[in-house]
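Below you'll find the structure, written out as structure tokens, and then a few comments.
The values are calculated or read from the model by the stated rules, or taken from the named source; none is laboratory data. These figures come from a predicted structure and were not determined experimentally. We place every Cβ from the backbone using ideal geometry, glycine too, and count neighbours over all the protein chains shown. Note: areas computed on protein heavy atoms with side chains; ligands, DNA, RNA excluded. Shrake-Rupley method; radii C 1.70, N 1.55, O 1.52, S 1.80 Å.
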Amino acid sequence: MKAHIVGGGFGGLAAAAYLIRNADVPGRDITLYEADDCWGGGFFLSGGPERGYSLPGSVFDSHFRCTFDLLQAIPSTSDPAVSVKDEFFAFNASHPFNDRAHIIDRDGRIVHGPHFGLSLCDGFRLARLVLTPEAMLDGRRIEEFFPARFFSTEFWLLWSTIMGSLPQHSATEFRRYINRGLALFPSLSDMARFMRTPRNQHQAFIGPLVAWLRPRGVNLLTGVFVRDIGLASSPGRITVNRIDYERDSTATTIAVGPEDLVLVTLGSQIADMSMGSMTEAPRPRGGGQSWALWTRLAQGHTAFGNPGLYFGNPQVPSSRWVSFTVTTTGTEFLDQLSALTGSEPGTGGLVTLKDSGWLLSLTIFHQPEIIGQPPGTNVWWGYGLYPERNGDFVPKPMKACTGAEILEEVLRQLRFDRQLATIMASSICIPCDMPYVNNIWLPRGRSDRPHVIPEGATNLGLIGQYAEVPRDIAFTIEYSARTAWEAIHRLLGRGPAPPPVYQGQYDPKALLGALKVFLRR
Ligand SMILES: Cc1cc2nc3c(=O)[nH]c(=O)nc-3n(C[C@H](O)[C@H](O)[C@H](O)COP(=O)(O)OP(=O)(O)OC[C@H]3O[C@@H](n4cnc5c(N)ncnc54)[C@H](O)[C@@H]3O)c2cc1C
């Protein structure tokens, strides 16, 4: 039996590791095909101290059950005697978030109330949505369940800037997030229950996974785009019999037997991502390579869902983020932000500038964020949830701005005008346009996401953010890991089933904690 995995993001790499660990498939019988030149997909790391780094900012919680189960078996880069999981938990125990100024208004005042601005009525509305079965939420939007006032509460700002939801987004997804994230409710402002990697996610998670797979003989192919997979036609059954891929403009076809296994990552949140520089805005990048295979599959079969819902132009204003990574050799920005927020650099979580047109959120990483980051260099990150709107000081949409323009807007929003020239001179801001990153939130119906094992499939599993896993929440590596584990378990019938998705609504401690938010003074 040979296993073929399309996509080398966290999901594809996790799939290879589960095959070895859970299903006893020898590494030499597994091949991973990644179109990019490097591994990691959404957990990318690019640039350097001279040109400026670029990376995503991410948070996690302790209920990433599939992820941590796997990372328990993977040695960390810094100390191979310690697993990635143990390193992660030890780091979070010694460096918990203590966000003292999560939301700041245009006058530099910290916005914080005991109930996050929620009324008891809001509590009932949240409960009503949670109690509505998913089957009744097809295509419905969050804004259908709440009055306009709800979307200006501190709660909504905290929730949407951490989780990515907008009022026009999916009520189904919001319901799942509330259930899955109920235990985080009391700490939405200080972020004490949120967790982070000890360094950037590429070096903390992706590097160790690749380092574990390589000596086990897994065929790790980068720069390989899988153009098509052939499906043998027999009524009611879907069996892959062929993989067509391209490498360096050379097309290759390999035969797949009915006993083989093919796992395909559908789409990518970083599809068509592009980066700019201090002097150039990111150039829109078409191509759609990341969802091309999904589109081909869906053209021939209804069991493959609806890629057009997630990828394609009309949806972009509801799915785009522009993020930016700032590499600085000065300390002025860190000093000023610490003075404003009362948080030591690296201890606060997000700082959201609530009155900024782009709805900017920033975070200073625990330093060094990158292995090899030169001493005296600091890295911080931010993003705009509304990058299609004009800035307040730079009258342009964020997506059309250079790194210098984004940095200027941030500094002026923060009223750091006196330090502006010094900070600009010692900083490199790399903007990053991600037109599809937030598309997992688009309102959807139940058939838009295909099942992990499409109906009738005998040797094909679908993994990643766009395959359906009941109850779990996308925009997480946990979701991709779960799809991989589930697909392998069901297709091969080997190893344990994935652990159940954590559901806060059945956890008395989480329920009590959430209730206390409404009762505290
Ligand atoms: C800015 C940002 C913030 C994030 N924050 C968080 C967070 O806070 N918490 C969290 O858990 N997660 C977070 N994520 C999400 C996380 O990155 C994704 O959940 C995860 O990377 C998904 O992994 P994946 O393997 O399913 O897909 P991806 O990482 O998107 O990888 C898919 C890969 O498949 C490749 N591919 C696609 N089609 C083909 C083909 N036909 N042939 C060959 N290769 C192909 C692509 O090139 C890509 O590398 C964040 C992501 C971003 C970008």
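Matching residues to (1) in contact (Cβ under 8 Å) with a residue 60 or more places away in the chain; (2) among the polar types (S, T, N, Q); (3) touching a helix residue (DSSP H, G or I) at 6+ places or on another chain (Cβ under 9 Å); (4) crowded, with 24+ Cβ neighbours inside 10 Å:
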position: Tyr436; (1), (2), (3), (4): yes, no, yes, yes
position: Asn439; (1), (2), (3), (4): yes, yes, yes, yes
position: Leu442; (1), (2), (3), (4): yes, no, yes, no
position: Gly445; (1), (2), (3), (4): yes, no, yes, no
position: Ile453; (1), (2), (3), (4): no, no, yes, no
position: Ser480; (1), (2), (3), (4): yes, yes, yes, yes
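Checked against the criterion of being among the hydroxyl-bearing types (Ser, Thr, Tyr), away from the ligand (no atom under 15 Å from the Cβ) and in a helix (DSSP H, G or I), the candidates Ser318, Ser290 yield just one match: Ser318. Listed conditions (1) away from the ligand (no atom under 14 Å from the Cβ); (2) modelled with pLDDT of 95 or more; (3) over 23 Å from Met424 (Cβ atoms) are all met by Asp355, apart from (3). When the stretch 369-398 is limited to residues that are among the hydrophobic types (A, V, I, L, M, F, W, C) and surrounded by 17 or more Cβ atoms within 10 Å (Cβ to Cβ), the one that is farthest from Ala281 (Cα to Cα) turns out to be Ile370.
Okay, residues lined up against (1) open to solvent by less than 50 Å² (accessible area, probe 1.4 Å); (2) touching a residue at least 12 places away in the same chain (Cβ under 8 Å); (3) in contact with a Lys or Arg (Cβ under 7 Å, 6 or more places away or on another chain):
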{"position": "Ala251", "(1), (2), (3)": "no, yes, no"}
{"position": "Pro258", "(1), (2), (3)": "no, yes, no"}
{"position": "Thr265", "(1), (2), (3)": "yes, yes, no"}
{"position": "Met278", "(1), (2), (3)": "yes, yes, no"}
{"position": "Gly288", "(1), (2), (3)": "yes, yes, no"}
{"position": "Gln299", "(1), (2), (3)": "no, no, no"}
{"position": "Gln315", "(1), (2), (3)": "yes, yes, no"}
{"position": "Thr325", "(1), (2), (3)": "yes, yes, no"}
{"position": "Ala339", "(1), (2), (3)": "no, no, no"}
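The residue list Leu137, Leu45, Leu120, Leu131 contains one member that is surrounded by 19 or more Cβ atoms within 10 Å (Cβ to Cβ) and more than 16 Å from the ligand (Cβ to nearest atom), which is Leu137.
Taking the options Trp212, Trp159, name whichever one is under 22 Å from Ala514 (Cα atoms), away from the ligand (no atom under 12 Å from the Cβ), open to solvent by less than 50 Å² (accessible area, probe 1.4 Å) and out of contact with any Asp or Glu (no Cβ under 9 Å at 6 or more places or on another chain). Every option except Trp159 fails the conditions. Taken over the stretch 405-423, the residue count meeting the criterion of being in a helix (DSSP H, G or I) and surrounded by fewer than 19 Cβ atoms within 10 Å (Cβ to Cβ) is 7.
None of Leu213, Leu221, Leu231 is touching a residue at least 24 places away in the same chain (Cβ under 8 Å) and closer than 14 Å to Thr77 by Cα except Leu213. Taking the criterion of being touching a helix residue (DSSP H, G or I) at 6+ places or on another chain (Cβ under 9 Å), open to solvent by 10 Å² or more (accessible area, probe 1.4 Å) and part of a loop (DSSP other than H, G, I, E, B), the residues of the stretch 108-117 that qualify are Gly108, Val111, His112, Gly113, Pro114, His115, Gly117. Note on the stretch 19-29: residues that are outside any helix (DSSP H, G or I), in contact with a helix residue (DSSP H, G or I) (Cβ under 9 Å, 6 or more places away or on another chain) and either within 15 Å of the ligand (Cβ to nearest atom) or open to solvent by 10 Å² or more (accessible area, probe 1.4 Å) (or both) total 1. Out of Ala16, Ala35, one residue alone is of a type outside the set (Lys, Arg), near the ligand (Cβ under 10 Å from one of its atoms) and within 20 Å of Gly464 (Cβ to Cβ). It is Ala35. So, in the stretch 373-404, of the ones that are assigned to a strand (DSSP E or B) and not hydroxyl-bearing (Ser, Thr, Tyr), which residue ends up farthest from the ligand (Cβ to nearest atom)? Filtering the stretch 373-404 for residues that are assigned to a strand (DSSP E or B) and not hydroxyl-bearing (Ser, Thr, Tyr), the one farthest from the ligand (Cβ to nearest atom) comes out as Asn390. Of all residues in the stretch 424-433, those satisfying the criterion of being within 14 Å of the ligand (Cβ to nearest atom) and open to solvent by less than 10 Å² (accessible area, probe 1.4 Å) are Pro431, Cys432, Asp433.
Let's see how each residue does on (1) part of a helix (DSSP H, G or I); (2) over 21 Å from Phe475 (Cβ atoms):
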{"residue": "Asn98", "(1), (2)": "no, yes"}
{"residue": "Arg106", "(1), (2)": "no, yes"}
{"residue": "Asp122", "(1), (2)": "yes, yes"}
{"residue": "Arg149", "(1), (2)": "yes, yes"}
{"residue": "Trp159", "(1), (2)": "yes, no"}
{"residue": "Asn179", "(1), (2)": "yes, no"}
